[in-house]
Amino acid sequence: MTVLGIETSCDETAAAVVRLEPGDTAIGIRGEILSNVVFSQIDDHAPYGGVVPEIAARAHIEHLDGLIERALSEAGLGWDDLDGIAATSGPGLIGGVIVGLMTAKGIAAARGLPLIGVNHLEGHALTARLTDGLPFPYLLLLVSGGHSQLLVVEDVGKYRRLGTTIDDAVGEAFDKVAKLMGIGYPGGPAVEKLARKGDAARFAFPRPLLNRPGCDFSFSGLKTAVRQAIEAFDPLTEKDKADIAASFQAAVADVLSDRAEIAMAQADLVIPEGYRRFAVAGGVAANMALRERLLGTAHACGYEFVTLPLKLCTDNAAMIAWAGAEHLARGETDTLDVAPRARWPLDPDAAPARGAGVKA
Ligand code: KG4
Ligand code: ZN
């Protein structure tokens, strides 16, 4: 089953071709990435310190056709070799989602190919099956620019949310801290780099919700504390910046580790022994310090830790093609009237998070 995937929900324009083969192992599934091309719009948005939706949508229009051609040629395939076409149909910036989904619809109609509208979060959630053939169920921490969630991945299309952010997403907090210190966009990689040189013990930033029951996250108090620390300095030296970055990252690590520990205790009830695996996905999963910390937490709780290649943590179309292939393999396709969605929770049964302005 060979599927072309398209991703346009934020500031990466991406196309990829992925093949799904029924495996001969106990895992029962195998994936292969035949091509995976990503055009990052960072340079277009950097002057504004964040993603500008209108600029993103226009850039997707400009670049998508060429990227699709490149994805096919790098895979050494033509249109006739495809079994389906998958595109992110939400959640995300609606202008961008429309560009990708409409392009996919055009191709599906012209080539008579099945269309699969993919939930971007499901793309992140199922990547561990593409890379490691993870069997269901497994525990997932999804941490990106718009989402922070702990989920039990029960099956394709079936997610049990254990916790989510009640205010900001983790990636968003990284981006805001970077912006406050003027160290560049996107903030995550910039903060991580600076943190390596810093003293994580210099600032005792708050650890919101630490040791509280449940698996929800909160990052806005931490962000405010960082802002106040930054404002107290004039001038703010390179050493101050590095120490703030390191102290902030340490606070995030403590919070993620604490919440993950509770999630693993809860997941023990629904994930049988032998299946206890903990995967971390989304852009923030590219952070090495956080990975190391979560690896320790997972092992202490009796879980195997699954990391993804960095290129598959941040937004890409291989994950969209893969999620599409998983649905296609089950005979689940969409019609041409599938609608783009700005919001699309993975677990529709989960109660709304307590705070206002919730992202997921
Ligand atoms: O998954 P992603 O590429 O896009 C969304 O779906 O949001 O995640 C992007 C987010 C940004 O907030 C970015 O700052 C963050 O992931 N990020 C990182 C790192 N690399 C990317 N955060 C912390 N450390 C990193 N190394
Ligand atoms: Zn994402």
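Ligands, DNA and RNA aside, Ser9 has an accessible area near 10 Å² when probed at 1.4 Å. For segment 133-228, with all protein chains in place and a probe radius of 1.4 Å, 51% of the accessible heavy-atom surface sits on carbon or sulfur. Packing around the peptides 123-130, 341-348, 217-224, taken as the average count of other Cβ atoms within 10 Å per residue, puts them in this order, highest first: 123-130, 217-224, 341-348. Here the Debye sum runs over all C-alpha atoms of the chain as equal scatterers in vacuum, and log10 of I(q)/I(0) at q = 0.07, 0.15 Å⁻¹ comes out as -0.29, -1.28. Using a probe of 1.4 angstrom and keeping all protein chains present, the accessible surface of the chain works out to 40 square angstrom per residue. Taking 15 Å as the cut-off, the amide N atoms of segment 89-126 that come nearer than this to a point 7 Å along the Cα-to-beta-carbon line of Arg58 belong to 95-96. For segment 47-79 versus segment 299-333, the spacing of their alpha-carbon centroids is 21 Å. Would you tally the net charge around Met288, using a Cβ to Cβ cut-off of less than 12 Å, leaving Met288 out, and scoring K and R as +1, D and E as -1? Charge balance in the 12 Å sphere: +2. When Rg is the radius of gyration of the Cα atoms in segment 81-130 and Rh is its Kirkwood radius, what does Rg/Rh come to? That ratio equals 1.01. Computed from the Cβ-Cβ distance with R0 of 45 Å, the FRET efficiency linking Thr224 to Arg70 stands at 0.55.
With a ≥ b ≥ c taken as the square roots of the eigenvalues of the C-alpha gyration tensor of segment 53-151, please select rounded if a/c is under 1.5 and otherwise prolate if a/b is larger than b/c or oblate if it is not? Taking the square roots of the gyration eigenvalues as a ≥ b ≥ c, segment 53-151 is oblate. Packing-based ranking of 97-103, 197-203 yields 97-103, 197-203, ordered from highest to lowest mean Cβ neighbour count within 10 Å.
The values are calculated or read from the model by the stated rules, or taken from the named source; none is laboratory data. No experiment lies behind these values; they were computed from the predicted model shown. Every residue, glycine as well, gets a Cβ built from its backbone with ideal geometry; the counts of neighbours run over all protein chains shown. These accessible areas exclude ligands, DNA and RNA; they are computed on the full protein's heavy atoms, side chains included. Shrake-Rupley method; radii C 1.70, N 1.55, O 1.52, S 1.80 Å.
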